[in-house]
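Notes follow once the structure below has been shown.
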Amino acid sequence: MSTIKEVKLGSQGLVIPSIGLGCMGMTTGFGGDIYGKADEKQAIATIHRSLELGGIFLDTADIYGPFLNERLIAKAIQGNREKHIIATKFGFEIDDNGQATGAFNGSKNYVKKAVERSLKNLGTDYIDLYYLHRLDTNTPIEETVEAMGELVKEGKVKYIGLSEVGSETIRKAHKIHPLTAVQSEYSLFERQIEELGILDTLQELGISLIAYSPVGRGFLNGETQKPEDFNENDFRKFIPKYQGEQFYKNVELVNEIRKVAEEKNITSAQLAIAWVIAKGHTPIPGTKRVKYVEENIAAAGISLTQEDLNRLEKIIPLGTDNGARYDAASMKGVNL
């Protein structure tokens, strides 16, 4: 029996738990393991345990693998499709050989092609929430969203959203077909979308934020204290936020957050998740282990006072420069 509070996502009627499960790290992708070694059996057990606890909102994308992640979810939810709310994303172009081309594609033809692949890989005849993963600057957003809206009319998709886009793009898209959610990185460690006024735009238009990496890609759990704590192939080693002198500055901030968590007898990761929920947004912390999905879902039941929020935001005030969240090339594809 679920004890997770439910929330309305957007203003089109979608209701979800106040916390979701990010599935990216459950399979290999982008040339290797993500956040440590992937284990299919362990990942499926995590999805099953999440369901038992009421964690029915799963987030994936066709580029994770490519396709491996969606196929894993299909295995995990077999026989229980109707109990889950599935979100997936498209837009990183994948060719007919299943290889990423390095381009973004939001053309009408590609939208139709991508959704059919995702439906097949997920083993379902509908997707609850379908996002454009990154903006294709060569295709008007109006064309992409019109095509996504057609999928809603056809019953292949129930609700649509965008990922990592700016206010102007959100406004243009929302006029064509109502957006239910925008997904972006957001945490105590990453508040750029707040600084840019994107959160204000979402609130004005009645669109919800889905916050990925609410634990700062695991960094806010406080267990990483030196660069050597990252595995050799861990992609976080290539993120400016976790490199050089910036790494140690950020460790100092995390250690201050840990003190607050210890006072409350919770983990710093749980505190970070509870902060996102207290701000009125839906976090989708990623994990592939039963232990952590249990901890994360428990965090959805933690209440923070305004005093708690003020204290945490005093440790890392809005506007703090704690390093870029992607390398320079990847940063060109966000908040457009």
Which shape class, rounded, prolate or oblate, goes with region 1-156 when its Cα gyration tensor gives a ≥ b ≥ c as root eigenvalues, a/c under 1.5 marks rounded, and past that a/b bigger than b/c marks prolate? oblate
What is the local net charge at Ile315, summed over the other residues whose Cβ is closer than 10 Å to its Cβ (Lys, Arg +1; Asp, Glu -1)? 0
Among Lys5/Lys153; Lys264/Lys314; Lys112/Lys288, which pairs are too far apart, with a Cα-Cα distance over 22 Å? Lys5/Lys153; Lys112/Lys288
So, by mean Cβ neighbours within 10 angstrom, what's the order for 139-149, 89-99 with the highest one leading? 139-149, 89-99
Hey, got the dipole for the chain? About the Cα centre, +1 on K and R Cβ, -1 on D and E Cβ, debye to the nearest 20? 560 debye
Output ³J(HN,Hα) for region 192-203: one whole-Hz value per residue in order, computed from phi by the Karplus curve 6.51 cos²θ - 1.76 cosθ + 1.60 with θ = phi - 60°, and x for Gly and Pro. 4, 5, 6, 4, 7, x, 5, 4, 4, 4, 4, 4
Where in region 217-251 does the amide nitrogen come within less than 18 Å of the point 7 Å from the Cα of Ala328, taken along Cα to Cβ? 238-246
Counting only protein heavy atoms, what percent of the accessible surface of region 1-94 is carbon or sulfur at a 1.4 Å probe? 53 percent
Working from Cα positions, state the angle (0 to 90°, nearest 10) between the long axis of helix 68-77 and the longest principal axis of the chain. 90 degrees
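Taking the mean number of other Cβ atoms within 10 Å as a proxy for protection, how do you rank 216-224, 253-261 from highest to lowest?
216-224, 253-261
Please compute the contact order of region 137-295 in relative form: average sequence separation of alpha-carbon pairs under 8 Å and at least six residues apart, divided by the residue count, as a percent.
So the answer I get is 20 percent.
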Suppose a student asked you for the relative contact order of region 255-336, using Cα pairs under 8 Å spaced at least 6 residues apart; what percent would you report? 27 percent
How many angstrom separate the Cα center of region 193-225 from the Cα center of region 102-159? 24 Å
With θ set to phi - 60°, apply the Karplus curve 6.51 cos²θ - 1.76 cosθ + 1.60 along region 34-46 and write out the HN-Hα couplings as whole Hz, x wherever there is a Gly or Pro. 10, 6, x, 5, 7, 9, 4, 4, 5, 5, 5, 4, 5
Difference of contour (0.36 nm per residue) and Cα-Cα distance, Thr320 to Glu168: 52.3 nm
Taking the Cα centre of the chain as the origin and placing charges on Cβ (Lys, Arg +1; Asp, Glu -1), which of His48, Asn265, Ile34 is farthest toward the positive end of the dipole? His48
So I have (1) 35; (2) 48; (3) 27, and one of them is percent of Cα pairs over 31 Å apart calculated from this model. Which one is it? (3)
Describe numerically, in nm with one decimal, the distance between label points set 7 Å from Cα along Cα→Cβ at Glu40 and at Glu154. 2.9 nm
Listed by chain and number, the residues whose amide H is under 5 Å from that of Val157, excluding neighbours fewer than 5 places away on the same chain and using placed H, are Ile127, Val152
Once every DSSP H run of n ≥ 4 in the chain is given -39500 (n - 2.57) and the sum is divided by its residues, what mean residue ellipticity at 222 nm do you get, rounded to the nearest 500 deg cm²/dmol? -11500 deg cm²/dmol
Determine ³J(HN,Hα), in whole Hz, for all residues of region 277-292 in sequence, where each value follows from phi through the Karplus function 6.51 cos²θ - 1.76 cosθ + 1.60 and θ = phi - 60°; x replaces Gly and Pro. 5, 5, 7, x, 10, 10, x, 10, x, x, 7, 10, 10, 4, 3, 7
Along the charge dipole of region 179-322, Cβ charges K/R +1 and D/E -1, which of Ala298, Thr201, Gln243 sits furthest on the positive end? Ala298
Kindly identify region 206-272 as rounded, prolate or oblate by the Cα gyration tensor criterion: order the square roots of the eigenvalues as a ≥ b ≥ c, call it rounded if a/c is under 1.5, otherwise compare a/b with b/c, prolate if a/b is larger, else oblate. oblate
Return the distance in nm (one decimal) between the two label points of a simple spin-label model at Gln99 and Phe30, each offset 7 Å from Cα along Cα→Cβ. 2.1 nm
Output the relative contact order of the chain, whole-number percent, from Cα pairs under 8 angstrom with separation of 6+ residues. 20 percent
Using amide H atoms built in the peptide plane, which far-off residues or other-chain residues are under 5 Å from Glu185 H to H? Tyr212
Amide hydrogen neighbours beyond the local backbone of Glu93, cut-off 5 Å, H modeled: Thr101, Gly102, Ala103, Phe104, Asn105
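The values are calculated or read from the model by the stated rules, or taken from the named source; none is laboratory data. Quantities reported herein were computed from a predicted structural model and do not represent experimental measurements. Don't worry about glycine lacking a Cβ; one is built from the backbone with ideal geometry, like all the others, and counts go over all protein chains shown. To get the accessible areas, we keep the full protein, side chains included, count just its heavy atoms, and leave off ligands, DNA and RNA. Shrake-Rupley method; radii C 1.70, N 1.55, O 1.52, S 1.80 Å.
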